[in-house]
Amino acid sequence: MAARGALVVRPGAMGPRSLAEDPARAARIAEALSCWFRAHARDLPFRRTRDPYAIWVSEVMLQQTRVATVVAYYERFLARFPTVEALAAADEDEVLAAFSGLGYYRRARLLHAGARCVVARYGGALPRDEAALRTIPGIGAYTAGAIASIAFDRPAPAVDGNVARVLARLDGIEDPAEQVAGRPGLAARARALLSAGRPRVLAQATMELGALVCTPQAPACDRCPVAGACHAHRTGRVDRIPAPRRRPARPQARFVAAVLRWRDGVVLERRPAGGLLGGLWCPPLAPCRARVRPRAPARAVADRGLAVEWTGSAAGWVRHAFTHRVWLVAAWSGELRAPPPESGALVVWRPGEAPPGGLPSLARRILAHAGVEAATKDGGTAP
DNA sequence: CAACCGTGGCG
DNA sequence: TCGCCAAGGTT
């Protein structure tokens, strides 16, 4: 990349000099961002702490999840698991219960494993070093950078969707949305930006700008503190950066859910670990066709050794859209004639008491559809 | 490395 | 109603 001669014009010569190569520009942007953030930052609970563990929890919850959704979960989680030691000592079902409704439940199990790792290897104190952070389960490139910068004020890049979009627009990079975050060079730009001021402030300021001003659609450039330094703004390409992502069609599948009552409870089954909703509890499911025939609900209970008297059939479908597939679930109600086998995969849960573990939104929807009063989302006991 | 893994809000 | 999307990590 060394200059072979002043007369050689680089392809990007008409654009800005990259933030990574232009310290003066990085400094100007850093100053404007810091100033803006001090005036406009939202007051969020995870911004009121410098406890690295609390920041870690918040960053995990915020993965692919909106701030508005996370706040209540974050506060409940820290009340229940106030320290990394408390989390490490917890049962996995408790942790999954605390994540019930948040989605992407593997991150709850990884956070739990990460807590045990931090207690075992680091004496309960998160390492400050980005590379060491990355070795902890559930902490990838982004989260390592976020903890290092926000908790420890180190210039470690934390390139999430927001930061990728802000940096891509600042430097006029027209990559598709699904590629831009992983683009080599963005991390270098982010590092240069953080190094131009206080990393703790700048990391959050860049994300906050992306969330509040430099939004994917209809960005508010008239309110942007760095619009004057933005190449996409100057060239009228803000609405084309990043390029829209292509999304594959979501295949659809149909299931029958057996909503089985035993005394004042309902039967739940632990889903196999690893897959969709792995490790969480749900009414027993069996695949079925577009028209539900009694054989389908019968199959849902026969394999599990349950003797059932059906008391109602499905009225309509529960449509549940996951990220990459859609499920249509028909709920069939029945009553057990004998207690369920104590095999371990099945439990009888009394709504109003604490669920046996994680209860995904899909399970709540199925139960509600079948007339079972669902529990509160925190996995705690309902009044 | 592309596929997999949730959910709720919004237009 | 439906597609889009939001502070990613793992395999």
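Just so you know, all these numbers are worked out from the coordinates, no wet-lab data involved. Values in this document were obtained by computation on a predicted structure and should not be read as measured data. Counting neighbours? That spans all protein chains shown, and the Cβs are built from the backbone with ideal geometry, glycine included.
Amide H to amide H, with H built 1.01 Å from N, A:ALA243 comes under 5 Å of A:ASP175, A:ALA177, counting only residues 5 or more places away or on other chains. Cβ-to-Cβ counts within 10 Å put A:ASP175, A:ASP91 in ascending order as A:ASP91, A:ASP175, the fewest first.
Can you give the percent of C-alpha pairs in chain A whose distance is more than 40 Å?
Within chain A, distances greater than 40 Å cover 30 percent of Cα pairs.
Taking a point 7 Å from the Cα of A:ARG42 along the Cα-to-Cβ direction, the residues of segment A:206-225 with backbone N closer than 15 Å to it are A:206-216. The local environment of A:THR83, defined by Cβ-Cβ distances under 14 Å, has a net charge of 0 under the rule Lys, Arg +1 and Asp, Glu -1. Using the alpha carbons alone, the radius of gyration of segment A:58-154 stands to its Kirkwood radius in an Rg to Rh ratio of 0.94. Scalar couplings 3J(HN,Hα) for segment A:88-105, obtained by applying the Karplus form with A = 6.51, B = -1.76, C = 1.60 to θ = phi - 60°, are 4, 7, 6, 6, 4, 4, 5, 5, 5, 4, 6, 9, 4, x, 7, x, 6, 5 Hz; x denotes Gly and Pro.
Restricting attention to chain A, close to 60% of DSSP beta bridges with both partner residues there are antiparallel. Size descriptors for segment A:252-369: radius of gyration and Dmax over Cα atoms are 13.2, 38 Å. Each residue of segment A:247-263 was assigned a 3J(HN,Hα) from its phi angle through the Karplus curve 6.51 cos²θ - 1.76 cosθ + 1.60 (θ = phi - 60°); the sequence is 10, x, 5, 9, x, 10, 9, 10, 9, 9, 9, 8, 9, 10, 9, 9, 6 Hz, with glycine and proline shown as x. A straight line joining the Cα centroids of segment A:126-156 and segment A:201-220 runs 21 Å.
Per-residue 3J(HN,Hα) values for segment A:366-373, derived from phi via the Karplus relation 6.51 cos²θ - 1.76 cosθ + 1.60 with θ = phi - 60°, read 4, 5, 4, 4, 8, x, 8, 5 Hz in sequence order (x marks Gly and Pro). Remark on segment A:23-234: Rg and Dmax equal 17.2, 54 Å (Cα only).
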